[in-house]
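Enquirer: Structure provided below as structure tokens; questions to follow.
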Amino acid sequence: MASLTRRYIVMSLATEASFDHHDPDGAFVLKPWKDPAALRALRAYRDNCFPELRRDIDTWIRAIEVGPPVRGDIGRRNERHVQAPSTPRRATPPARRGTRTKPAKKRRR
């Protein structure tokens with residue numbers, strides 16, 4: 001997976017929460033092998049990123065799906081709350097957006 005690289009940063013946790021709400025460079029780590037909610041989030045990310053990364057993430061998702069289910073503590077807790085994927089909305093073609101025809105005015109007799 002050429003587009004996916006491993007980077008490790010070791011630092012002290014800046015906040016007592018899982019992440020700092022005010023840090024624009026902060027990261028939130030998801031583990032799609034261990035958490036079905038993270039796998040769902042990874043699918044959403046895949047569907048909204050550039051094509052090369054999309055292909056790499058799709059390969060990763062397929063590997064997770066054919067592998068054995070592995071659950072961490074959060075994954076076990078999330079498992080019963082993961083909802084079925086919703087049906088994607090059909091996009092309206094750009095030429096038709098916002099182009100409603102006005103009803104014809106009634107003629108006076």
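Where a number appears in this text, it was derived from the coordinates with a stated rule and is not lab data. Just so it is clear, the structure is predicted and the values come from calculations on it, not from any experiment. All Cβ positions, even for glycine, are placed from backbone atoms using ideal geometry, and neighbour counts span all protein chains on display.
Enquirer: May I ask you to evaluate 6.51 cos²θ - 1.76 cosθ + 1.60, the Karplus curve with θ = phi - 60°, for each residue of segment 33-42 and list the ³J(HN,Hα) values in order in whole Hz, giving x for glycine and proline?
Expert: Once rounded to whole Hz, the list reads 5, 9, 9, x, 5, 5, 5, 5, 5, 5.
Enquirer: Follow-up question, since we're still on this one. Under 14 Å from the Cβ of residue 73, count the other residues' Cβ atoms, weight Lys and Arg +1, Asp and Glu -1, and hand me the total.
Expert: Details: positive: 31, 34, 71, 76, 77, 80; negative: 35, 79.
Result for the neighbourhood of residue 73: +4.
Enquirer: Efficiency by 1/(1 + (r/R0)^6): what FRET value for residue 28 and residue 63, r their Cβ-Cβ distance, R0 = 25 Å, to the nearest 0.05? Present the calculation step by step, with values, prior to reporting the outcome.
Expert: Values: r = 22 Å, r/R0 = 0.88.
After rounding, the FRET efficiency stands at 0.70.
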